[in-house]
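Novice: Let me begin by handing over the structure; questions about it come next.
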Amino acid sequence: MVNTVVNNRDRSALSGWLNGLLGVIIFSGSLPATRIAVQEIDPFFLTFIRASIAGVLALMLIGCFREKRPAAHQFGSLIIVSLGVVIGFPLLTAMALQHVTSAHSIVFLGLLPLATAIFGVIRGGERPRFAFWIFSILGSLFVVGFALSHQVAVSLTGDLLMLASVVVCGLGYAEGARLSRQLGGWQVISWSLILSLPFMLAASFVTLPESFGHISTSAWLALGYVSLFSMLIGFIFWYKGLAIGGIAAVGQLQLLQPFFGLGLSATLLDEAVSPLMIAVTLGVILCVIGSRRFAG
């Protein structure tokens, strides 16, 4: 009987990590796609329109499956998710990238798993062991050190905006994962997108470009990716992974996201992959494995 319980727990943890990894891989395509899109599309309009498209799709999804409305006490959590990952993180990073480079933003993305773990303790009631925090901090330092090695320019405004984006995103991830245990992963992101849809549609109209004639097919495809995969499908796997495998533990997979993104950039945008990048990635992988072992 004990062995059956242990095996079920191991399978559940593995399922959580696999779903989380799929979510991270999907999110990793966001950076290259965004780089392609913003060459021809205003970053603010891109932020608003991708959430609007995802929100309309979420509305259709909820209607197709005739999902019941969330309970009254769940709307507070949905608002937090919406403000964190649908509005806050995309908008704050778009504003920050007007002051800092995308390379510099990796400094702060390296802190996102740590922020998610902290909010997992505060909001999700998780209690990782001390060794988990050692691996988590070490992995974040790997990513931050890698970013700082590129001699990027510093901007106080950009840094504060990126720091704020990490805080709201970590809260949105943890809150969404906690609520996914009650509603389900795709329901949480769908309802969050629907709640923000009126604001996003209005903002899209305000920032609407005068003409679309200059936008190429590749930019439209990039917009399609960040709308469908980055804003909707990726969260379905991500929230399911966090809910099953643990917010703090599975959240450490985000440490790999910058390197997946840089790998895709090298493939799609012909950007160089340095030996340092490979070495740091291996170090990060070891930290992810260590944090999983001591997560709970």
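The values are calculated or read from the model by the stated rules, or taken from the named source; none is laboratory data. The model shown is predicted, which means the values in this text are computed figures rather than measured ones. For neighbour counting, all protein chains shown are included, and Cβ atoms are generated from backbone atoms with ideal geometry for every residue, glycine included. Accessible surface is based on the protein model in full, side chains and every heavy atom, while ligands, DNA and RNA are left aside. Shrake-Rupley method; radii C 1.70, N 1.55, O 1.52, S 1.80 Å.
Novice: Check ALA103 against each of (1) over 18 Å from MET231 (Cα atoms); (2) open to solvent by less than 40 Å² (accessible area, probe 1.4 Å); (3) at pLDDT below 90; (4) in contact with a Leu (Cβ under 9 Å, 6 or more places away or on another chain) and name the one condition it does not meet.
Specialist: (4)
Novice: Quickly run through segment 108-130 and pick out the residues that are in a helix (DSSP H, G or I) and open to solvent by 30 Å² or more (accessible area, probe 1.4 Å).
Specialist: Once the filter is applied, which keeps residues that are in a helix (DSSP H, G or I) and open to solvent by 30 Å² or more (accessible area, probe 1.4 Å), segment 108-130 yields LEU109, LEU114, ILE118, PHE119, VAL121, ILE122, ARG123, PHE130.
Novice: If I ask for residues that are within 28 Å of the chain's Cα centre (by Cα) and either more than 11 Å from LEU46 (Cβ to Cβ) or outside any loop (DSSP other than H, G, I, E, B) (or both), which ones from segment 209-223 would you list?
Specialist: SER216, THR217, SER218, ALA219, TRP220, LEU221, ALA222, LEU223
So that you can scan it fast, the table gives a plain yes or no per residue for (1) farther than 18 Å from PHE235 by Cα; (2) in contact with a Phe, Trp or Tyr (Cβ under 9 Å, 6 or more places away or on another chain); (3) assigned to a helix (DSSP H, G or I); (4) open to solvent by less than 40 Å² (accessible area, probe 1.4 Å):
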site	(1), (2), (3), (4)
PHE45	yes, no, yes, yes
PHE48	no, yes, yes, yes
SER52	no, no, yes, yes
ALA58	no, yes, yes, yes
LYS68	yes, no, no, no
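Novice: Answer yes or no as to whether SER230 is in a helix (DSSP H, G or I) and within 18 Å of ILE49 (Cβ to Cβ).
Specialist: yes
Novice: Among the candidates GLY20, GLY63, single out the residue that is assigned to a helix (DSSP H, G or I) and surrounded by 20 or more Cβ atoms within 10 Å (Cβ to Cβ).
Specialist: Just one listed residue meets the conditions, GLY20.
Novice: Then there is this: In segment 181-190, what residues are in a helix (DSSP H, G or I) and over 13 Å from GLY245 (Cβ atoms)?
Specialist: GLN182, LEU183, TRP186, GLN187, VAL188, ILE189, SER190
Novice: Here's something else I'd like to know. I'd like the residue in segment 73-100 that is in a helix (DSSP H, G or I) and touching a Pro at 6+ places or on another chain (Cβ under 8 Å) and, out of all such residues, is modelled with the lowest pLDDT.
Specialist: ALA94
Novice: Is it true that ALA33 is in a helix (DSSP H, G or I), at pLDDT 90 or above and either surrounded by fewer than 24 Cβ atoms within 10 Å (Cβ to Cβ) or not hydroxyl-bearing (Ser, Thr, Tyr) (or both)?
Specialist: no
Novice: Then there is this: Suppose we filter segment 45-93 for residues that are of a type in the set (Val, Ile, Thr) and over 30 Å from SER211 (Cβ atoms); how many remain?
Specialist: 5
Novice: Could you check how many residues of segment 74-90 are open to solvent by 40 Å² or more (accessible area, probe 1.4 Å) and in contact with a helix residue (DSSP H, G or I) (Cβ under 6 Å, 6 or more places away or on another chain)?
Specialist: Selection size over segment 74-90: 2.
Residue-wise test of (1) open to solvent by 50 Å² or more (accessible area, probe 1.4 Å); (2) part of a helix (DSSP H, G or I); (3) more than 30 Å from GLY246 (Cβ to Cβ); (4) not hydroxyl-bearing (Ser, Thr, Tyr).
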site: PHE132; (1), (2), (3), (4): no, yes, no, yes
site: PHE142; (1), (2), (3), (4): yes, yes, no, yes
site: LEU161; (1), (2), (3), (4): no, yes, no, yes
site: VAL167; (1), (2), (3), (4): yes, yes, no, yes
site: GLY176; (1), (2), (3), (4): no, yes, no, yes
site: LEU179; (1), (2), (3), (4): no, yes, no, yes
site: PHE205; (1), (2), (3), (4): yes, yes, yes, yes
